[in-house]
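All remarks here apply to the structure that follows.
What follows is calculated from the coordinates using simple rules that are stated; it is not laboratory data. Keep in mind that what you see is a predicted model, and the values were worked out from it rather than measured. We place every Cβ from the backbone using ideal geometry, glycine too, and count neighbours over all the protein chains shown.
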Amino acid sequence: MTSPTDASAPRRAGIVGTGLIGGSIGLALRRAGWHVTGVDVDERTGARAVALGVVDALGVDPAAHVTFIATPVGAIASAARAALAAGPGAVTDVGGVKTSVVAAVADPRFVGGHPMAGSELDGVDGADADLFRGAAWVLTPTAQTDPDAFAAVHAAVAAMGAEIVAVDPARHDAIVAVVSHVPHLTAAALMGVAAGHEREQQGPLLRLAAGGFRDMTRIAAGTTGIWPDVCADNADAITGVLDELLGALTRVRDVVAGRQRGELVELLERARAARLALPGRSTRPAGEVVELRIPVPNREGVLADVTTLASRMGVNIEALETADATEHEGGLIVMVVEAAAGRRLREVLNERGYRPVVRALE
């Protein structure tokens, strides 16, 4: 991948779709010192993005190091192909489904992405420069991914304060069905049940809704436009998880109907322990960081292999670079990670035949 090389110039990004997510990307990158250009199918939204300082200018920037496609899932592939044709930079997206999108684009400079962040607010007026700070942002490299493109996208996402997780596209879709898609549909269904009871009781029910109900149904207030495409493209994974949820709810129903106090307490305690074990959001892992330098062979998929391994081990990559090794037919992956995590990752990489070197950073 070739890209602009003037180190004195600011990094440049393009955004296709300047709504809530695209607008938040623009604000976050501009705050980090990037020059951001945007386009939107709605001219009024584009003009509003300029007025709010979301982008520096409207239009396509052929010099963009990274272009973010922030459209509904159904429009990502065509928009990504257009962005790839417009310049030599990397292209990524923010769609909630990855397998179909990555397969449809199939270009080494395209890196599938999905920020695990959102808001009940809608449109560019809801854009927030802090939306991604401390949030997980999934990248889905494949064996064909250009290492330079992955590094460029990684750097842009890291500049927004997100924690990057690398997984393959199919695994992403299976995971988000559990932690994102089905929770949203469940919140919508519960809200529908409550609204039905509200009509029957002529008013008081929703006025009595306390914190627990509001917490559970908060995501039902989010924008609805993305969900038809997401559910169509990830239908198999979503319906599989919904079947599991229906089975779990049936078991809960049977425990309650049978007045099985001990079983109910056990069920609730297991859920409580699992909920308390969820990792918290943080902008950086605590402790000393190290540089991990990994010589790698010149073969397809090696970057994806290393980064997805780090993700499976729970290792947060704070910074990532790639370089050619001119004296050998290979390259070098350089990543900055928390010290203890770096030592664990080095051991596993050694077992896989890599020969990483760890260097402490002051």
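Per-residue ellipticity at 222 nm from helix content only, as computed over the chain with -39500 (n - 2.57) for each DSSP H run of at least four residues, stands at -14000 deg cm²/dmol. The alpha carbons of the stretch 289-360 stretch over 31, 22, 19 Å along the principal axes, in descending order.
Dipole size of the chain about its Cα centre, with +1 on Lys/Arg Cβ and -1 on Asp/Glu Cβ: approximately 940 debye, rounded to the nearest 20. So for the chain, averaging the separation of alpha carbon pairs under 8 Å that are six or more residues apart and normalising by length, what relative contact order in percent results? RCO, the chain: 15 percent. If both residues of a DSSP beta bridge must be in the stretch 92-202, then about 45% of such bridges are antiparallel.
Which shape class, rounded, prolate or oblate, goes with the stretch 32-97 when its Cα gyration tensor gives a ≥ b ≥ c as root eigenvalues, a/c under 1.5 marks rounded, and past that a/b bigger than b/c marks prolate? Oblate, since a/c reaches 1.5 and b/c is not below a/b. Taking label positions 7 Å along the Cα-Cβ direction at both Ala188 and Val252, the computed distance is 1.9 nm, reported to one decimal.
Net charge of the neighbourhood of Thr99, taken over other residues with C-beta under 12 Å away and scored Lys/Arg +1, Asp/Glu -1, is -2. For the chain, leaving out every one of the trypsin sites (Lys or Arg not before Pro) that falls in a DSSP loop and has at most 15 other Cβ atoms within 10 Å, the longest unbroken run is 1-258.
For the pair Ala319 and Asn298, the difference between a 0.36 nm per residue extended length and the Cα-Cα distance amounts to 5.4 nm. Applying the criteria of a DSSP loop state and at most 11 other Cβ atoms within 10 Å to the chymotrypsin sites (Phe, Trp or Tyr not before Pro) of the stretch 95-172 yields no site. Taking the convex hull of the alpha carbon positions in the stretch 77-122 and averaging its projected area over all directions gives 3.8 nm². Annotation: the stretch 173-276 has a Kirkwood hydrodynamic radius of 15.7 angstrom, from the mean reciprocal C-alpha pair distance. Amide hydrogen proximity for Ala319: with H placed 1.01 Å from N in the peptide plane, the residues at 5 or more positions away or on another chain lying under 5 Å are Val336.
For the stretch 83-98, the Karplus equation 6.51 cos²θ - 1.76 cosθ + 1.60, evaluated at θ = phi - 60°, returns couplings of 5, 5, 6, 7, x, x, x, 6, 10, 9, 9, 10, x, x, 10, 10 Hz by residue, with Gly and Pro reported as x.
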